[in-house]
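The structure under discussion appears below in the form of structure tokens.
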Amino acid sequence: MNIGQEILQLLKEEITEVEYNRYIKQLSYDPKKSTSDLAIFYAPNALVLNWIKSKYTEKISHLFEVKTGDRVSVKIALKNQLDKRKIKQKTEQKTIHSLLNPSHTFDNFMVGGSNQFAYAAVKSVSEKAGILYNPLFIYGGVGLGKTHLMQAAGNVFQNQGKNVIYTTVEQFLNDFIRHVRNKTMERFQEKYRKCDVLLIDDIQFLSNKEGIQEEFFHTFEALKGVGKQIILTADKHPKKIAGLEKRLQSRFEHGLVADIQPPELETKIAIIEKKCEINKVKLNKEIVNYIATVIESNVREIEGILSKLHAYSQLMHVEITIEFTKNVLKDQLQENRANLTLDTITQSVAKDLNIKPSEIRSKGRSKNLVYARRIAIYLCRELTQNTMPQLAQYFGMKDHTAISHTLKKINELIQNDEDFKVKIEELTNKISSSS
Ligand code: ADP
Ligand code: MG
């Protein structure tokens with residue numbers, strides 16, 4: 001089944017049988033002429049054509065996006081009457097393949113000590129594409145504004161009429177697979193190598209995927225070779241991304257690597273105030289401060305809370321007071337953590353430290369296993385309601401005193417070792433926001 005047929009099958013599930021049989025069934029997809037951003041279907045007659053055009057094109061396009069991650073414009077033509085010239089034009093226009101969020105701008109980005117280096121780097125790149133730092137590599141924890149910053153530069157470039165591609169590794173990979181399958185690799189290469197600016201988000205997902213790393217390497221070289229700007233983000237420094245080819249790693253470090261740290265209190269306050277302004281939510285100073293203190297670092301959580309506060313106060317016709325905020329936040333924090341289990345936490349820790357979950361729970365005494373086990377125990381204690389005897393049983397330890405000893409050790413480390421503290425915060429952040 002080709003992608004067009006797959007999409008029609010998906011559509012079939014959403015509409016009535018009569019509609020399907022009368023109209024959609026008569027459509028046929030053209031895999032040869034379609035591209036990653038243009039899908040061409042043929043209808044047998046004008047009646048069917050007009051009906052489908054008016055009722056289903058948006059839906060079909062939406063299904064393509066859900067399935068492939070690409071914005072696809074859908075063209076329905078009469079069988080045998082397709083104007084080839086027009087399609088060519090359309091394809092050329094549509095190479096501006098962009099899912100940039102227009103509110104991700106520099107103006108909307110609040111700068112503080114934690115992110116000023118990354119901000120300055122992206123800002124200067126946006127003023128001198130391809131000349132200053134190429135590639136620019138931004139890394140940091142979840143919800144700290146990497147995508148926002150990268151897209152802020154993207155928006156600047158796009159407003160200058162540049163051809164900007166913003167994509168995640170996952171979409172890039174899907175696109176790649178589809179072109180391989182359809183034997184249209186030249187189109188894939190043309191698309192990515194012809195753009196002026198390439199923004200790739202969450203590059204850590206290239207990890208251990210050799211085929212796509214190879215392809216990405218060539219895309220990278222082609223763009224870099226002609227001075228096209230590349231901006232990448234990841235959750236860690238290129239050196240720390242396991243399963244990444246050496247040549248990619250060294251290229252990623254070749255331009256500028258900038259990190260984003262969790263925001264300090266003042267930055268969090270500024271961000272909350274900005275989001276309130278954008279979303280037209282009114283909060284007094286006390287409430288803003290309260291939210292800023294309770295939310296550790298993930299800015300995305302702040303947005304969730306604001307929209308919840310706003311929605312509740314509208315629905316219940318009440319003003320947003322501090323008590324009301326406390327209640328909403330309590331729910332939110334519990335909700336975030338309710339799905340966390342000992343297994344999910346152990347798996348996350350194992351993944352982050354590159355060992356097997358079963359090893360964490362084993363009796364192994366090597367230094368890195370003990371280290372990982374201690375962290376896992378600490379996080380399980382912090383993020384779930386399990387008792388110490390339950391934890392002892394899960395981690396195969398003698399009894400609860402072993403657990404309490406571990407917790408004491410970790411707390412000491414957190415107090416005395418700033419790097420370790422940051423590491424624990426990052427992990428907590430990552431685990432809480434993945435649930
Ligand atoms: P990341 O890509 O690092 O996971 P995002 O860029 O998606 O994080 O940011 C999550 C949300 O937080 C976005 O809505 C973004 O606008 C907001 N955000 C993060 N940092 C800031 C900041 N410094 N100022 C304003 N908004 C921010
Ligand atoms: Mg992101």
Could you tell me what percent of the accessible area of the chain is made up of carbon and sulfur, with a 1.4 Å probe and every protein chain present?
-> 50
State in Å² the accessible area per residue of the range 332-433; use a 1.4 Å probe, count heavy atoms of protein chains only, and round to the nearest integer.
-> 58
So, in Å, what gap is there between the alpha-carbon centers of the range 218-245 and the range 253-288?
-> 27
When you take every Cα atom in the range 3-78, what is the radius of gyration, and what is Dmax, the widest Cα pair distance, in Å?
-> 11.2, 31
May I ask for the Kirkwood hydrodynamic radius of the range 116-260, worked out over all distinct Cα pairs and given in angstroms to one decimal?
-> 15.1
SASA check, His405, accessible area w/ 1.4 Å probe, all protein chains in place, rounded to nearest 10 Å², comes out at 100
Extension reserve of the Glu303-Glu17 stretch, reckoned as 0.36 nm per residue once the Cα distance is removed = 98.9 nm
Working note, the range 342-434: Cα radius of gyration (Å, one decimal) and Dmax (Å, whole number) are 12.1, 32
Using θ = phi - 60° and Karplus 6.51 cos²θ - 1.76 cosθ + 1.60, couplings along the range 379-389 (whole Hz; Gly, Pro as x) = 5, 5, 5, 6, 9, 10, 9, 5, 7, 4, x
Could you work out the local net charge near Val125, counting Lys and Arg as +1, Asp and Glu as -1, over the other residues with Cβ closer than 15 Å to its Cβ?
-> +4
Over 32 Å between alpha carbons, listed pairs Lys282/Lys351; Lys330/Lys351; Lys25/Lys162 | Lys282/Lys351; Lys25/Lys162
Largest to smallest accessible area among Leu10, Leu100 [probe 1.4 Å] = Leu10, Leu100
With Cα coordinates, the longest principal axis of the chain makes an angle with the long axis of helix 84-94, in degrees rounded to 10, of 20
May I ask you to list the lysines whose Cα is less than 22 Å away from that of Lys398, ignoring any residue fewer than eight positions away on the same chain?
-> Lys356, Lys363, Lys367, Lys408, Lys409
Residue pairs, from the table Lys209/Lys239; Lys67/Lys275; Lys128/Lys209, whose Cα atoms sit over 22 Å apart = Lys67/Lys275; Lys128/Lys209
Computed on alpha carbon atoms, what radius of gyration and Dmax characterise the chain, expressed in Å?
-> 25.3, 79
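As a test of the definition: which semi-axes, in Å, follow for the range 265-327 when you take the square root of five times each eigenvalue of its alpha carbon gyration tensor? Largest first, please.
Sorted largest first and rounded, they come to 18, 12, 10 Å.
What does the charge count around Met185 come to, taking other residues whose C-beta lies under 15 Å from its C-beta (Lys +1, Arg +1, Asp -1, Glu -1)?
Working: positive: Lys32, Arg178, Arg181, Lys183, Arg187, Lys191, Arg193, Lys194; negative: Asp175, Glu186, Glu190, Glu214, Glu215.
Once positives and negatives cancel, what remains is +3.
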The alpha-carbon center of the range 360-382 and that of the range 123-174 are separated, in whole Å, by 37
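The values are calculated or read from the model by the stated rules, or taken from the named source; none is laboratory data. Not measured: the values here are computed from a predicted model. All Cβ positions, even for glycine, are placed from backbone atoms using ideal geometry, and neighbour counts span all protein chains on display. What goes into the accessible areas is simple: the full protein's heavy atoms, side chains included, and nothing from ligands, DNA or RNA. Shrake-Rupley method; radii C 1.70, N 1.55, O 1.52, S 1.80 Å.
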